Amino acid sequence: MTDDADERVYYVISDLHVGGDEQLEEVEFLDELLQFLRRLETTEENAELLINGDAFGLWEFTTVEGMEKFDVLEESYPDLFDQLRKTGENVDITLLPGNHDHELAAYDEYVDRLAEYNVDLVQEGSVSRPVGDKAIHVEHGHQQDPNNRIEDWGNPHATPLGYFYNTLVTSRAGKLSDRGRYNWLKDVQAVTPTERMPVWLFSKYFYREMNPVLRYSLVPFLLLFNISVLLAILAGLDLAGIWSMPVDRTTAFLGQFGRAGTVIWFLLAINVVVAGLLLLVGIPLYFIRRDIRKTIARFGIFETTLTVDPEKAYETAARDVFSENPETVVFCYGHTHRPGVKKIDGGALVNSGTWLKRLHRRDGIIGVLPPVFYPSYQLPAVRIEAADDGVAVEFSTMSKPSPATEELTLTERLFTTGREPDTELPERVVIDQNGSAETE
């Protein structure tokens with residue numbers, strides 16, 4: 001391995017979230033992570049591995065405090081720490097704190113403990129690295145998120161809003177997850193943005209926890225609900241004398257299908273009554289809800305939402321970095337768990353994604369069935385190196401089978417057939433000397 005920093009290749013991974021209470025202790029991608037580290041252990045490249053925040057789920061530990069959390073990590077993942085030591089003998093490994101493992105910046109003892117495994121803990125919010133005659137800026141990204149920003153960096157008692165969400169919700173989910181029909185509640189940490197959690201909980205209840213007899217008896221009504229709403233509106237117009245419903249023709253049409261047509265007509269009749277009642281109640285409730293939200297907004301009770309804008313805040317931060325340091329052409333961050341590359345003025349905005357399971361919402365095409373949250377893994381690593389005309393950014397990934405077959409019920413798989421999420425990572429991008437990014 002040479003010492004020429006200009007020829008150095010950088011690998012960036014983030015958001016591993018290793019560790020946590022009970023069910024959160026399970027690392028579903030551990031084999032793939034070890035395989036990735038073994039690959040770097042034998043590489044002949046002059047490489048550095050940058051672990052860009054949230055390597056550990058320290059917020060998710062609620063039964064131990066301080067350095068005891070690291071003791072638990074060592075005991076729980078001996079293979080991982082042993083492999084870090086071996087890989088660190090061949091390539092430099094640099095670890096940055098994120099918000100979930102901000103305590104890494106709060107206790108100096110972490111520096112010494114991680115150094116035993118050839119990991120260089122940098123207790124700063126960001127680092128810069130040279131790539132040819134350009135540079136890259138690397139930060140976890142939580143500082144651009146008002147719900148997870150650490151105002152007092154290095155204070156072990158710093159508690160942004162996200163801290164309470166993880167200690168009260170995520171950690172609790174880890175303790176309760178194995179009580180369900182399937183150990184799914186621990187996946188709450190993969191639900192982004194966090195406002196989706198109520199919908200996700202209802203979805204998992206319907207497809208996983210609800211009594212199967214009740215679920216399958218509800219499915220026909222829910223599938224026909226949209227049609228029933230239309231018929232309920234037409235029935236109202238009929239009663240008002242505005243428009244006459246072609247009931248006889250509808251009955252005759254369904255009658256052609258014999259007993260099946262009778263069943264459909266029966267279901268539609270019940271659904272029309274239910275839909276009509278819901279419309280009568282729902283319309284005034286909608287206006288009341290809207291008026292309440294306007295009132296809350298006027299008083300400024302909630303200054304921020306839980307939603308993390310996928311890119312806007314980071315675009316602003318990147319432009320500031322590019323303006324202050326013209327040689328910097330890559331702003332690399334994680335935190336939002338959304339891998340991607342975006343071209344902006346002065347360079348490229350790069351998100352290193354997450355190794356956690358990702359949940360992709362798929363709404364029903366017809367009816368009012370709950371949405372399906374389709375699981376997938378991407379396991380991305382960003383590779384950054386000098387190119388002939390600038391800096392090249394590309395994604396590599398470790399393969400892992402989709403968990404959908406095991407984690408989705410037959411009903412969920414049926415309703416998402418042909419609508420599986422695209423898990424392809426962005427193509428290689430080269431940022432030239434002028435800061436313009438082009439896809440190859």
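The values are calculated or read from the model by the stated rules, or taken from the named source; none is laboratory data. Quantities reported herein were computed from a predicted structural model and do not represent experimental measurements. We place every Cβ from the backbone using ideal geometry, glycine too, and count neighbours over all the protein chains shown.
Observations on the structure shown:
- Inside segment 405-436, residues that are of a type outside the set (D, E, K, R), at pLDDT below 90, out of contact with any Leu (no Cβ under 7 Å at 6 or more places or on another chain) and not in a loop (DSSP other than H, G, I, E, B) make up a count of 4.
The rows are residues; the columns are (1) part of a helix (DSSP H, G or I); (2) touching a residue at least 60 places away in the same chain (Cβ under 8 Å); (3) in contact with a Leu (Cβ under 7 Å, 6 or more places away or on another chain).
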residue: Thr159; (1), (2), (3): no, no, no
residue: Tyr163; (1), (2), (3): yes, yes, no
residue: Asn166; (1), (2), (3): yes, yes, no
residue: Tyr182; (1), (2), (3): no, yes, no
residue: Val188; (1), (2), (3): yes, no, no
residue: Met197; (1), (2), (3): yes, no, no
residue: Leu201; (1), (2), (3): yes, no, no
residue: Lys204; (1), (2), (3): yes, yes, no
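- Flag for Phe221 being at pLDDT 65 or above, in a helix (DSSP H, G or I) and surrounded by fewer than 14 Cβ atoms within 10 Å (Cβ to Cβ): no
- Among the candidates Gln189, Gln144, residue that is touching a strand residue (DSSP E or B) at 6+ places or on another chain (Cβ under 9 Å), assigned by TED's automatic domain parsing to the domain that holds Phe373 and either crowded, with 19+ Cβ neighbours inside 10 Å or β-branched (Val, Ile, Thr) (or both): Gln144
- Filter pass, Glu151 being at pLDDT 95 or above and among the charged types (D, E, K, R): no
- A Cβ distance below 8 Å, combined with a sequence gap of six or more or placement on separate chains, defines the contacts here; from segment 332-357, residues that are over 15 Å from Pro375 (Cβ atoms) and not assigned by TED's automatic domain parsing to the domain that holds Glu311 reach no residue that is among the acidic types (Asp, Glu) and in a loop (DSSP other than H, G, I, E, B).
- Candidates Glu407, Glu394, Glu438, Glu412, filtered to the one that is crowded, with 17+ Cβ neighbours inside 10 Å and under 16 Å from Val341 (Cα atoms): Glu394
- The one condition in (1) touching a helix residue (DSSP H, G or I) at 6+ places or on another chain (Cβ under 8 Å); (2) crowded, with 20+ Cβ neighbours inside 10 Å that Pro130 fails to fulfil: (2)
- Residue, nearest to Arg428 (Cα to Cα), within segment 340-379, restricted to residues that are surrounded by fewer than 17 Cβ atoms within 10 Å (Cβ to Cβ) and among the β-branched types (Val, Ile, Thr): Ile365
- Test: residue in segment 326-338 that is modelled with pLDDT of 95 or more and of a type in the set (Gly, Ala, Ser): yes
- Hits in segment 364-397 (condition: farther than 22 Å from Leu49 by Cβ and over 17 Å from the mean Cα position of the chain (by Cα)): Gly364, Ile365, Ile366, Gly367, Val368, Leu369, Pro370, Asp388, Asp389, Gly390
- Search result, residues across segment 90-138 that are over 20 Å from Trp59 (Cβ atoms) and of a type in the set (S, T, N, Q): Asn90, Thr94, Asn118, Ser126, Ser128
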